[in-house]
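Everything below concerns the one structure shown next.
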Amino acid sequence: AESPVGGVTVWSRRLARALAERNSKYDLRTLLVVTHPDSIPPRLTDDDGLTQTCVVDSMADRWEILETVRAAIDRLRPDIICPNYADVCYAAATLARASGARLVPIAHTDHASYQDLMRFYDRWEGAAGVSDACRAWLAPLAGGRPTRKIVYGVPVAPAPRTPERAGPLRIAYIGR
């Protein structure tokens with residue numbers, strides 16, 4: 001089963017909550033596009049109204065899937081869309097430009113798949129990279145459009161814990 005949980009989802013949710021708590025002039029919403037709604041952890045489906053779910057049928061025709069995602073975007077009535085990760089998200093976001101939405105993709109990695117998406121769906125108004133490496137490949141694609149480096153991360157303790165002398169060093173890998 002797929003999981004919509006990843007670093008970008010967690011970042012988006014944290015940022016949306018922080019903006020809402022500060023009564024910011026910004027209203028950030030996260031749209032989770034999934035094929036298995038039961039894969040969404042309960043903490044992502046709470047009633048804060050900041051996260052919506054778009055369930056697509058993976059067996060449907062690709063145009064039907066695209067229309068489902070585009071309709072979900074339209075219901076949010078965004079001024080700015082930050083598409084992420086998947087071809088269908090970029091395609092639907094590009095179609096949403098017809099209703100006046102602007103695209104500002106975020107390069108979360110320097111993986112070739114992101115570069116391919118941003119090169120193919122090149123109708124964006126500006127973009128951000130999360131590191132110098134991301135911004136380095138992003139700037140030439142921008143062709144004069146604004147790009148910025150906006151670093152985000154995970155809060156860490158001021159100093160690492162000292163491992164216990166007895167027993168093995170405990171390591172956890174958390175991700176997908």
Open item on the list: Probe radius 1.4 Å, ligands and nucleic acids ignored: give me the carbon and sulfur share of the accessible area of the chain as a rounded percent.
Closed with: 55
TODO: Would you calculate the separation in nanometres between label points at Asp61 and Ala20, each defined as 7 Å from the Cα along the Cα-to-beta-carbon direction?
DONE: 3.7
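If I take R0 = 41 Å and measure r between the Cβ atoms of Arg97 and Thr162 in this structure, what FRET efficiency does the formula 1/(1 + (r/R0)^6) give, to the nearest 0.05?
Using R0 = 41 Å, I get an efficiency of 0.20.
Relative contact order, percent, of the chain when contacts are C-alpha pairs under 8 Å separated by at least 6 residues?
Working: 218 pairs, mean separation 24.5, N = 176.
For the chain, the relative contact order is 14 percent.
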- [ ] Using packing as a proxy for protection, rank 68-74, 89-95 so that the peptide with the highest average count of other Cβ atoms within 10 Å comes first.
- [x] 89-95, 68-74
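Rolling a 1.4 Å sphere over the protein heavy atoms, what is the accessible area per residue of the chain, to the nearest Å²? List each step's numbers first, then the result.
Details: 11950 Å² over 176 residues.
Spelled out: the 1.4 Å probe surface of the chain, per residue, equals 68 Å².
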Task: Residues listed by number, the stretch 71-107, amide nitrogen under 11 Å from Asp27 label point at 7 Å toward C-beta - done: 76-79
Task: Alpha-carbon Rg with Dmax, taken over the chain, Å - done: 18.1, 62
- [ ] Would you please state which residues of the stretch 10-32 a label at Ile80 would reach in this model, taking the label point 7 Å out along Cα→Cβ and a backbone N cut-off of under 13 Å?
- [x] 16, 25-29
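The values are calculated or read from the model by the stated rules, or taken from the named source; none is laboratory data. This one's a predicted model, so the numbers in the text were calculated from it and none came from an experiment. With ideal geometry, Cβ positions are generated from the backbone for all residues, glycine too; neighbour counts draw on all protein chains shown. When the accessible area is computed, the model is the full protein with side chains, heavy atoms only, and any ligands, DNA or RNA have been set aside. Shrake-Rupley method; radii C 1.70, N 1.55, O 1.52, S 1.80 Å.
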